[in-house]
Amino acid sequence: MNPTTRTWLLSDAPQTRRQARLGALYQGWLTFRANKLAMLGLVILLALLGIAAFAPWLAPQNPLAQDLAGRLKPPSAAHWLGTDALGRDILSRLIYGSRVTLFIVGTVALIAPVIGLFIGTVAGFAGGWVDQVLMRITDIFLAFPKLILALAFVAALGPGIGNAVLALAITSWPPYARLARAETLSIRNADYIAAARLQGAGRLRLLIGHIWPLCISSLIVRVALDMAGIILSAAGLGFLGLGAQPPMPEWGAMISDGRTYILDFWWVAAMPGMAIFIVSLAFNLLGDGLRDVLDPKGAKE
Amino acid sequence: MLTVRDLDVWFGHPPDRVDAVSAASFSVASGESFGLVGESGSGKSTILRAITGLIGTWSGTITVDGQPVTGQHRSKAFHKTVQMVFQDPYASLHPRHSVDRVLSETLHLQGMDQIDRRITALLDSVGLGRGFRFRYPHQLSGGQRQRVAIARALAAEPRLLLLDEPTSALDVSVQAEILNLLSDLRRERGLTYVMVSHDLAVVAHMCDRLAVMRAGRVIEEMPASALRAGTAVSDYARALIAASASYQPA
């Protein structure tokens with residue numbers, strides 16, 4: 001970046017709305033970049049995105065093509081990560097499986113925090129019986145172990161990756177609602193809310209324009225940190241046969257397939273396990289870095 | 001401009017009910033600068049919050065510009081007439097809203113036109129240049145923040161400004177600047193001030209008349225000249241003035 005742009009971005013006295021906004025973003029980027037581990041997480045996730053986008057060009061073989069003569073082959077030049085019980089190339093299946101993983105992560109990340117944000121902020125801001133009702137509903141959801149509740153939902157809706165994602169989203173919003181409510185309670189009586197109220201700001205405006213922006217940053221951090229758990233839950237559902245259905249190359253289901261051979265043909269289960277491990281780790285690292293940037297309670301002041 | 005009669009303000013329900021203000025009465029004429037003084041917890045700020053409807057648990061009569069107000073609801077006309085400057089400028093600006101956003105939203109809410117031109121005029125009138133327009137609160141000092149808060153309060157061109165210890169969170173040097181700014185604005189715009197403070201020197205400098213409060217009650221009303229001369233009637237007010245005079249800021 002040339003020095004003029006840099007000075008322009010870091011200016012203490014921005015001249016336009018756009019410059020101020022870009023400057024704030026750049027400041028955040030600088031904070032984020034200083035965290036080497038978070039950068040590593042970001043790089044891994046960008047790589048995952050790239051792999052998912054270019055799966056057909058990257059995968060050496062068809063992920064569904066069976067070769068029973070070449071089943072359970074150890075990693076070799078022909079099959080870099082070996083083959084599974086049906087002779088399918090594990091590397092190709094992992095590459096295509098990244099699409100499934102991203103679909104799960106993306107959908108859950110879109111649904112759960114939005115539900116949680118809405119319910120939590122409304123409960124915290126409205127108070128009274130609205131708060132009581134919404135938070136008791138949240139408590140009911142929290143009272144069940146997450147995976148068991150997801151299992152029940154999938155069992156009722158029927159197995160399949162779409163239903164598994166829906167079940168995960170429905171079961172993972174309550175912690176976000178709790179978080180959003182706690183944040184709302186701490187800011188609803190702040191002077192800046194009182195000041196906006198004195199200007200005649202309505203409740204909806206206060207909620208969306210003033211309370212949401214302060215809740216969203218901590219929710220984003222929490223979501224990034226929870227992503228690893230969501231991937232693992234999805235893998236768990238796949239492992240139990242309630243998530244992705246064969247022959248879809250979902251990582252959890254691939255571990256499940258390899259379980260039978262885990263002692264003699266370790267790579268069948270270990271390779272997708274490694275993939276899950278790396279992506280979960282990347283999300284955790286990213287979440288950590290985002291906390292440095294976004295969390296208003298951080299050491300930024 | 002403002003009349004308060006037999007105002008009681010309380011928090012909580014019996015048996016835990018706390019009476020923050022009891023039977024407070026005073027009135028402020030148009031163009032006057034009125035001070036409310038007293039020690040911490042004497043109910044000064046609570047009165048302002050009851051007037052603005054930020055607290056709903058009060059009884060008595062509050063009349064603003066001839067119009068009585070009730071409960072927590074305030075009309076659009078009230079918001080255009082009465083505005084408030086809060087004590088802590090670090091808490092009264094939204095941390096994620098730029099100065100531009102704060103002022104344009106306020107102007108929009110108050111139904112003003114020519115928002116762009118008005119923002120520039122407001123920033124000029126509180127002694128902040130245009131360079132501050134797109135800054136965020138964390139890029140401002142305490143005094144600058146308070147100037148933004150004053151600009152926000154002035155946006156609707158109100159006639160009554162409630163000042164809740166507007167300088168107590170600021171450095172001594174900055175305090176004088178803000179007080180001078182407030183004096184100038186009052187003179188230029190013919191504003192009415194109700195200023196809450198525990199700093200008698202500030203009130204003596206800024207106000208024409210004042211009421212001394214203690215434990216939720218108005219003990220005494222007096223002109224500022226009486227405060228400066230130290231000729232208060234009640235024992236408590238005399239003690240307060242004496243205590244304040246013996247205190248020399250470091």
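Data overview
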{"item": "Cα-centred dipole magnitude for segment A:199-289, charges only on beta-carbon of K, R (+1) and D, E (-1), debye, nearest 20", "result": "520 debye"}
{"item": "Threshold 30 Å², segment B:43-89 residues less accessible with all protein chains present than alone (1.4 Å probe)", "result": "B:L54, B:H79, B:Q83, B:F86"}
{"item": "Principal axis dimensions, segment B:2-246 - Cα atoms, whole angstrom, descending", "result": "52, 40, 33"}
{"item": "Cα-based helix-to-principal-axis angle, A:128-143 vs chain A, degrees rounded to 10", "result": "20 degrees"}
{"item": "For A:Q15, net neighbour charge (Lys/Arg +1, Asp/Glu -1) across residues whose Cβ lies under 13 Å away", "result": "+4"}
{"item": "Helical mean residue ellipticity (222 nm; -39500 (n - 2.57) per DSSP H run of 4+; nearest 500) of chain A", "result": "-23500 deg cm²/dmol"}
{"item": "Residue-normalised accessible area of chain A, given per residue in Å² at a 1.4 Å probe", "result": "49 Å²"}
{"item": "Quotient of C-alpha Rg and 2.2 N^0.38 Å, computed over segment B:59-99", "result": "1.55"}
{"item": "Solvent-accessible heavy-atom area per residue, rounded to whole Å², over segment B:1-78 at 1.4 Å", "result": "45 Å²"}
{"item": "Where B meets A: accessible area buried, both sides, 1.4 Å probe, Å²", "result": "2500 Å²"}
{"item": "Size of charge dipole - chain B - debye, nearest 20, with Cβ of Lys, Arg +1 and Asp, Glu -1, no other charges", "result": "580 debye"}
{"item": "Residue (of A:P213, A:A196, A:A85) at the positive-pole extreme of segment A:82-294, dipole from beta-carbon charges", "result": "A:A196"}
{"item": "Fraction of antiparallel bridges per DSSP, the protein assembly as shown only, in percent to nearest 5", "result": "55 percent"}
{"item": "14 Å Cα-Cα reach of B:K44 towards aspartates and glutamates, excluding residues that sit fewer than 8 places from it in its own chain", "result": "B:D8, B:D19, B:D164, B:E165, B:D199, B:E220, B:E221"}
{"item": "Percent antiparallel among DSSP beta bridges (both partners in segment B:2-246, rounded to 5)", "result": "55 percent"}
{"item": "Amide proton proximity set for B:A20, modelled H, under 5 Å, gap of 5+", "result": "B:V9, B:W10, B:F11"}
{"item": "Dipole-positive endmost among B:L210, B:A91, B:H108 within chain B (Cβ charges, Cα centre)", "result": "B:H108"}
{"item": "Helix axis angle, A:36-53 relative to chain A longest principal axis, alpha carbon, degrees", "result": "60 degrees"}
{"item": "Gyration tensor verdict on segment A:68-207 (Cα atoms; rounded if a/c is under 1.5, prolate if a/b is larger than b/c, oblate otherwise)", "result": "prolate"}
{"item": "Within-10-Å neighbourhood charge of B:F26 [Cβ basis; K, R +1; D, E -1]", "result": "+1"}
{"item": "Local net charge near B:M112, Cβ-Cβ under 9 Å (Lys/Arg +1, Asp/Glu -1)", "result": "-1"}
{"item": "Fraction of accessible area attributable to carbon and sulfur, chain B (%, probe 1.4 Å)", "result": "50 percent"}
{"item": "With Cα atoms, 0 to 90° folded angle of helix A:267-294 axis to chain A main axis", "result": "10 degrees"}
{"item": "For segment A:91-102, Karplus couplings with θ = phi - 60° (6.51, -1.76, 1.60), whole Hz, Gly/Pro x", "result": "4, 4, 5, 5, 5, 5, x, 4, 5, 4, 4, 5"}
{"item": "Hits among aspartates and glutamates - C-alpha to C-alpha of A:K36 under 14 Å, sequence gap 8 or more where chains match", "result": "A:D288, A:D292"}
{"item": "Cα pair distances exceeding 44 angstrom across the protein assembly as shown, given as percent", "result": "37 percent"}
{"item": "Per-peptide average of other Cβ atoms within 10 Å, ordering B:170-176, A:196-202 highest first", "result": "A:196-202, B:170-176"}
{"item": "Buried on assembly, segment A:184-200 (at least 10 Å² less accessible surface than by itself, 1.4 Å probe)", "result": "A:D191, A:Y192, A:A194, A:A195, A:R197, A:L198, A:Q199, A:G200"}
{"item": "Sulfur and carbon atoms: percent of accessible area, segment A:82-294 [1.4 Å]", "result": "72 percent"}
{"item": "Fraction in percent of alpha-carbon pairs per bin - 20 Å, chain A", "result": "28, 49, 21, 2"}
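The values are calculated or read from the model by the stated rules, or taken from the named source; none is laboratory data. Please read all numbers here as calculations on a predicted model, not as lab measurements. Note that each Cβ is placed from the backbone with ideal geometry, even for glycine, and that neighbours are counted across all protein chains shown. For the accessible areas, the whole protein counts, side chains as well, though only heavy atoms, and no ligand, DNA or RNA atoms are used. Shrake-Rupley method; radii C 1.70, N 1.55, O 1.52, S 1.80 Å.
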